[in-house]
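Heads up, the thing below is written out as structure tokens.
The values are calculated or read from the model by the stated rules, or taken from the named source; none is laboratory data. Values in this document were obtained by computation on a predicted structure and should not be read as measured data. As a convention, Cβ positions derive from the backbone with ideal geometry for all residues, glycine included, and neighbour counts pool all protein chains shown. Areas reflect the complete protein model, heavy atoms only, side chains present, ligands, DNA and RNA absent. Shrake-Rupley method; radii C 1.70, N 1.55, O 1.52, S 1.80 Å.
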Amino acid sequence: LGFAKSSVEAEIESYQGNSRWPADRAIFDRLFDVSAAYGRSPSGTATSRAAINTADVMAFREAFYRPERTVVAVAGPLDPATAIERVAAALGGWRPAGAARPSDDAISVPPRSEADPSTTPPPWQERVVHIPLEKDQASIAVGLPGAARTSEDYAALAALNYLLGETGYAGRLGERLADTGLAYAVYSSLLADRLAGPILNATDAARPRDAVERIVATLDEFTSSGIT
């Protein structure tokens, strides 16, 4: 357990020299409440990490690493019957320990609260988080709420995300930033799991205000005019 904690601390320390990490983290902190899964860093906090003990780890394993929660996938030039036989030989003796399986309600995390539709959000300039760093370029992250993978809007949002610039160079954002020399690349990511994650547009630029204005203008264009 001590080694695992040290590894996490070392990983967090390595992030400190990467301006991308605090930019992305600021988006998650602004879009999601701390009670939501996306509102908390997977690495926890110094206080929460210090509080974890061996009993906590064992309890987590007993609750979640269970045969009835396991899916085995096999790929390759193997006869299906042979694959099943080999998996059964390796895992056939794995039986539930008798403890009650946590229900989905017990393990789910409250989603982000919906904004009050009667409240007009402030201009984007007032929603900027600036983290001063000794860098020649700024790492920029522009985020907005997305949808869960089970949402009926997921397929449309995935297509929209591709058209925005999922690959980093192509897409509408690539035309506005990379093709004009404002940035080497700009990425649009749709993070969709069981809960709704953010749509995240990210780039590095020496002229951050110009870059942010073009990203926001492109998103506004998609919203107001649609796409062909």
Task: Qualifying residue in the range 198-205 (condition: part of a strand (DSSP E or B) and open to solvent by 60 Å² or more (accessible area, probe 1.4 Å)) - done: yes
TODO: Would you be able to tell me the number of residues in the range 37-58 that are surrounded by 12 or more Cβ atoms within 10 Å (Cβ to Cβ) and part of a helix (DSSP H, G or I)?
DONE: 5
TODO: Please name all residue pairs, on different chains or six or more residues apart, with Cβ atoms under 9 Å, provided the first residue is in the range 179-196 and is in contact (Cβ under 8 Å) with a residue 12 or more places away in the chain and basic (K, R) and the second residue is open to solvent by 60 Å² or more (accessible area, probe 1.4 Å) and in a loop (DSSP other than H, G, I, E, B).
DONE: R194/R149; R194/T150
Open item on the list: For the range 155-190, which positions are in contact with a strand residue (DSSP E or B) (Cβ under 9 Å, 6 or more places away or on another chain) and in a loop (DSSP other than H, G, I, E, B)?
Closed with: E166, T167, G168, Y169, L182, A183, Y184, A185
Open item on the list: Of the conditions (1) in contact (Cβ under 8 Å) with a residue 40 or more places away in the chain; (2) farther than 18 Å from E221 by Cα, E126 satisfies every one except a single condition; which number is it?
Closed with: (1)
Open item on the list: I'd like to check something: does the range 166-183 contain any residue that is within 17 Å of P145 (Cα to Cα) and modelled with pLDDT under 90?
Closed with: yes
Open item on the list: Could you list, ordered by first residue, the pairs with Cβ atoms under 7 Å in which the first is in the range 216-228 and modelled with pLDDT of 90 or more and the second is open to solvent by less than 30 Å² (accessible area, probe 1.4 Å), at least 6 apart or interchain?
Closed with: V216/V142; T218/L173
- [ ] Can you run down the residue pairs with Cβ atoms below 7 Å, 6 or more apart or on separate chains, where the first is in the range 52-77 and touching a residue at least 40 places away in the same chain (Cβ under 8 Å) and the partner is assigned to a helix (DSSP H, G or I) and open to solvent by 70 Å² or more (accessible area, probe 1.4 Å)?
- [x] none
